[in-house]
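Have a look at the structure below, then the notes.
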Amino acid sequence: MGLFSRSTTATATVPTAAVDPALAALTGTYTIDPSHSGIGFTARHAMVTNVRGAFTEYEGTLELDGVNPAASSASIDVTIASVDTGSADRDNHLRGADFFDAERFPLMTFRSTSAEALGGTDYRITGDLTIKGVTKPISIDLEFNGAAKDPFGNERVGFEGKAELLRSEWDLTWNAALETGGVLVSDKIKLTFEISAIKTAE
């Protein structure tokens with residue numbers, strides 16, 4: 001079952017006979033459930049190991065159109081100050097002017113612009129990512145994990161996603177040189193997404 005068509009033209013029409021009833025039933029507005037979701041990142045540290053972290057406060061909406069999947073969209077707002085790497089000193093450094101400057105730029109935002117099917121349950125969604133007032137396009141590879149009704153009667157959809165970016169493109173350029181060569185923090189950052197979203201009652 002697919003959510004996104006290969007076409008990125010939102011006005012495309014799908015013949016009624018071709019619509020999967022189970023897919024059409026997913027049409028609606030979904031709110032991301034932070035208690036069952038996660039937005040994480042990984043950076044190479046000192047050229048030899050990885051440091052992992054997450055943002056613990058965020059909100060987002062998915063607009064799914066099961067009849068015309070290309071009309072689906074996603075919107076996410078992340079609170080920068082919620083960054084958590086397991087080290088208070090490192091987290092405070094990340095919140096400061098050397099990195100995110102959370103006081104001046106409290107939110108990181110993503111607004112989708114297009115989507116495509118890659119085959120099976122794999123998809124790619126592209127959109128505008130804004131960090132520190134800088135907006136650049138980014139593509140996120142997604143796996144659709146399915147839909148289900150939970151024990152409380154909520155209709156849920158689930159996705160796993162991953163992406164890579166160069167932090168320098170968003171003006172995140174702080175670094176420190178190592179005596180042995182190289183730098184303390186990698187430019188390339190890996191992002192991961194675990195998304196569970198609840199359908200909004202009509």
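The values are calculated or read from the model by the stated rules, or taken from the named source; none is laboratory data. Computed from a predicted model, the values in this text were never measured in an experiment. Quick reminder, even Gly has a Cβ in these numbers, built from the backbone with ideal geometry, and neighbours come from all protein chains shown. Note: areas computed on protein heavy atoms with side chains; ligands, DNA, RNA excluded. Shrake-Rupley method; radii C 1.70, N 1.55, O 1.52, S 1.80 Å.
The table below lists the values:
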quantity	calculated
Which label in [x] 1.02; [y] 0.96; [z] 1.00 gives the computed Rg/Rh (Cα atoms, Kirkwood Rh)	[x]
The chain - percent relative contact order, Cα under 8 Å, separation 6 or more	24
Ile76 accessible area, assembled protein chains, probe 1.4 Å, Å²	20
Accessible surface, 1.4 Å probe, highest first, among residues Lys188, Lys162, Lys199	Lys162, Lys188, Lys199
Candidates Thr109, Thr173, Thr126: whichever shows maximal mean-square fluctuation once the chain is modelled as a Gaussian network with Cα springs under 10 Å	Thr173
Accessible area (Å², per residue) of the range 77-143, counting only protein heavy atoms and a probe of 1.4 Å	49
Highest-fluctuation residue, Ser87, Ser112, Ser168 considered, GNM on the chain with Cα pairs under 10 Å	Ser87
Net length gained if the chain between Asp98 and Glu63 were fully extended (0.36 nm per residue, minus Cα distance)	9.0 nm
Gaussian network model of the chain, Cα within-10 Å springs - most flexible of Val48, Val83, Val157	Val48
Formal net charge of residues neighbouring Val78 (Cβ-Cβ distance under 10 Å; K, R +1; D, E -1)	-3
Length gained when the stretch Asp20-Glu194 is fully extended (0.36 nm per residue, less Cα-Cα span)	60.1 nm
The range 72-104: trypsin sites (Lys or Arg not before Pro) in DSSP loop, at most 11 other beta carbons within 10 Å	Arg104
Relative contact order computed over the range 152-202 (Cα-Cα under 8 Å; 6+ residues apart), in percent	54
Computed [θ] at 222 nm, helices only, for the chain once each DSSP H run of length n ≥ 4 contributes -39500 (n - 2.57)	-1500 deg cm²/dmol
The chain - charge dipole about Cα centre, Lys and Arg +1 at Cβ, Asp and Glu -1, debye rounded to 20	300
Separation of alpha-carbon centers, the range 170-192 and the range 45-108, rounded to whole Å	18
Cα gyration tensor shape for the range 114-154, rounded if a/c is under 1.5, else prolate or oblate	oblate
